[in-house]
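> Below you'll find the structure I mean.
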Amino acid sequence: MGDQIKIEACTEEHFEVFRTLNEEWIIKYFKIEEMDRISLNNPKEYILDKGGYIAIAFLNNEPVGVCALIKSNRKGFDFELAKMGVSPEAQGKGIGKLLGQHIIDKAKSLKASRLYLESNRVLGPALRLYKKLGFREIIGASSPYERSNIQMELDLTNS
């Protein structure tokens, strides 16, 4: 019998998982920044109450992945795909791709036309995933994150 993966809307009982899975990868490669503290410590106020959404992935009923859809205040973008993290033990099972597609489908259901994301070029597997999901690099966007050195967009009007 294979692994069972399911993705659901994150509820308050899993806010701690949302925080710890993101802190895990951020600390591994970078440092926690002020915008991380705000969103990870206050997901209800910062993400959900503003019209966003958080998905949580379960592997055999254990929470192993998270991803947020944050309402964007960037001109021309409806939402930002952000705060995607998958537990190291669960990586390589396609969970990131399922989370990303789930977030894209959620954005479409909310009538979004364009998604935005920020990342860092050192995160090669993440960038390959974003490209597989249809994101393309854009130039010239500013970022509140020191670690952000690549920005990408996904046009949802053609899909």
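Just so it is clear, none of the values below were taken in a lab; they were calculated from the coordinates. Here the structure is a predicted model, which is why all the values come from computation and not from measurement. With ideal geometry, Cβ positions are generated from the backbone for all residues, glycine too; neighbour counts draw on all protein chains shown.
> For the chain, what is the mean residue ellipticity at 222 nm derived from helices alone (per DSSP H run of n ≥ 4: -39500 (n - 2.57); sum divided by total residues; nearest 500 deg cm²/dmol)?
Value at 222 nm, helices only: -9000 deg cm²/dmol.
> At 7 Å along the Cα-to-beta-carbon direction for both Asn158 and Glu12, put a label point, then send me their distance in nm to one decimal.
My value for the distance between the label points is 4.3 nm.
> A further question on this structure: Size of the range 112-153 along its principal axes in angstrom, Cα-based, largest extent first?
Largest to smallest, the principal-axis extents are 25, 24, 15 Å.
> Sticking with this one: So what are the three principal axis dimensions of the chain from its Cα atoms, in whole Å, longest to shortest?
45, 35, 32
> Figure the gain on full extension for Asp49 and Gln4 (residue separation times 0.36 nm, minus the Cα-Cα span) and round it to one decimal in nm.
Here the answer is 13.2 nm.
> Only bridges with both residues in the chain count here: give the DSSP antiparallel percent, nearest 5.
Values: 27 of 29 bridges.
Approximately 95 percent, going by the DSSP bridge assignments.
> Same structure, new question: Which ³J(HN,Hα) values in Hz, rounded to whole numbers, follow from the phi angles of the range 38-50 under the Karplus curve 6.51 cos²θ - 1.76 cosθ + 1.60, where θ = phi - 60° and Gly and Pro get x?
Here the 3J(HN,Hα) series is 4, 6, 6, 8, 9, x, 5, 5, 7, 10, 5, 5, 9 Hz.
> Between Ser109 and Lys31, how many nm apart are label points set 7 Å from Cα along the C-beta direction?
The answer from the label model is 3.9 nm.
> A further question follows. Assign unit charges at the C-beta atoms only (+1 for Lys and Arg, -1 for Asp and Glu), then state the dipole size of the chain relative to its Cα centre in Debye, rounded to the nearest 20. Spell out each step's value before the answer.
Numbers: 23 positive and 22 negative charges, 133 e Å.
The calculated dipole for the chain is roughly 640 debye.
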